[in-house]
Structures are given as structure tokens and as C-alpha cells.
Amino acid sequence: GFILEQCANQYPADFWSVAANKQAGLVGCKSGNHFIIENNTIRYAKSIGIDCGNEGSGGGGNSGMGYHTIRNNIIAYCGCSGIMGQYSPGTQVIGNTICGMDYHAQNETPEAAGIKFHGYSGGLVEHNLFVNNYVRGIWLDAGPTSTRITRNVFTNNGGSGIFIELARHQ
């Protein structure tokens, strides 16, 4: 039940090769596992509200991370993305309200979305509200597999409600 706000975190441009630009959120799981982030208000981060995977170059290894539960939060007015994760297997994002992402109106900047996952596998995105985001609601990138997206509501988002990039047909 925390209110967390006003974070001056860096923008994750080229996070995979520039250590200084890692995916660091106002709330960060720091490549950990089995975190529960629940019933909070997370708002006005300069870039990312919650990071829940490998943060990129210098962000830690891929093994043993993920399986987080991000539930019943209000995530609002972050400059890039509400939730971002690279290789966060088994993570569940349930019952959140995600609004006003990319509120600086940069529109379609790399990495910006309500939720942006890279290499997301075995996850669940369910019963979330994506409203008034200047960018896509959900952006799954770099080979999402065995992931379920169900019972979400998308209204007034830029680009698209759901965008899937670099996925293989199975």
C-alpha cells in the first residue's frame, strides 16, 4: 500500500549494450525472483515504474530470475513504461491500472509502452486496465513464448493495444 513517486531514473536507450542505461525502475526487482509488488501507487518516474527482469548490460545474469507477481497497483505517468522486464519468466501481471505512459508525448520512442517485455516466457497478463497511454498498451519483444494475455481492457492508447515483435510462429 505504498505511494512511490518522483524518481529521476535514466531512459533505457540501448540498455542491452550501455550499462549506464540499464532498465532500472522506480521499483526494481534487480534480477531477483518471486517478488510480490501489490496494492501500490507508482507514479511520475522519469522513465520506468517497475523493472522486473535482467536490467540489461551489467544488470545481472538470466538464470534464477523472474516469477514475480505484480498485482492491483496503479502505475501512472512514467516517462517511458509502467512495467519493463528482460527475461522475466513466469511473471504475472494482474489487476493493475496503467495510465499516462510516455506522458512527455515522445510517442513511439524505443522501449516505451504500458508494459514492455523482452523474451517473456510462461507469463500471464490478465485483468489490467490500459488507459490514456501515449504509447502501446503491451509490447512483447524478442521472442515471447507460452505467454497468456487475457481479459485486459485497452482504451485510448497510442499505436496499438497489443504489439508483438520478433515472435516465432509455433
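Exactly which trypsin sites (Lys or Arg not before Pro) in the stretch 92-170 are in a DSSP loop and have at most 12 other Cβ atoms within 10 Å?
Loop-located and lightly packed - ARG151, ARG168.
Among [x] 25.8, 96; [y] 13.9, 42; [z] 25.8, 78, which is the computed Rg and Dmax of the Cα atoms in Å?
This structure yields the entry labelled [y].
How would PHE15, PHE154, PHE2 line up by accessible area, probe 1.4 Å, largest first?
Ranking PHE15, PHE154, PHE2 by accessible area, largest first, yields PHE2, PHE154, PHE15.
Would you mind checking which residues have amide H under 5 Å from GLY56's amide H? H placed 1.01 Å from N; only 5 or more apart, or other chain.
Residues meeting the amide H criterion: GLN23.
Among rounded, prolate and oblate, which fits the stretch 125-170 when a ≥ b ≥ c are the square roots of the eigenvalues of its C-alpha gyration tensor, a/c under 1.5 means rounded, and a/b larger than b/c means prolate?
oblate
Compute the longest continuous run of the chain that contains no exposed GluC sites (Glu not before Pro); treat a site as exposed when its DSSP state is not H, G, I, E or B and it has at most 16 other Cβ atoms within 10 Å.
Segment 1-107 is the longest.
For the chain, what is the accessible area per residue in Å², given a 1.4 Å probe and the full set of protein chains?
Each residue of the chain exposes 44 Å² on average to a 1.4 Å probe.
Give the long-range amide H neighbours of GLY161: residues separated by 5 or more places, or on another chain, with amide H under 5 Å away, using H modelled in the peptide plane at 1.01 Å from N.
GLY137
What's the magnitude of the charge dipole for the chain around its Cα centre, counting Lys and Arg as +1 and Asp and Glu as -1 at the beta-carbon? Answer in Debye, nearest 20.
Around 240 debye, computed over the chain.
Ignoring ligands, DNA and RNA, what percent of the 1.4 Å accessible area of the chain is carbon and sulfur?
Summing carbon and sulfur atoms, their accessible area is 51 percent of the total for the chain.
What are the ³J(HN,Hα) values, in whole Hz, obtained from phi via the Karplus relation 6.51 cos²θ - 1.76 cosθ + 1.60 with θ = phi - 60°, for each residue of the stretch 49-56 in sequence order, with x given for Gly and Pro?
x, 10, 10, 9, x, 5, 7, x
The values are calculated or read from the model by the stated rules, or taken from the named source; none is laboratory data. Keep in mind the model is a prediction, meaning the values are calculated, not measured. Backbone-built Cβ (ideal geometry, glycine too); neighbour counts: all protein chains shown. When the accessible area is computed, the model is the full protein with side chains, heavy atoms only, and any ligands, DNA or RNA have been set aside. Shrake-Rupley method; radii C 1.70, N 1.55, O 1.52, S 1.80 Å.
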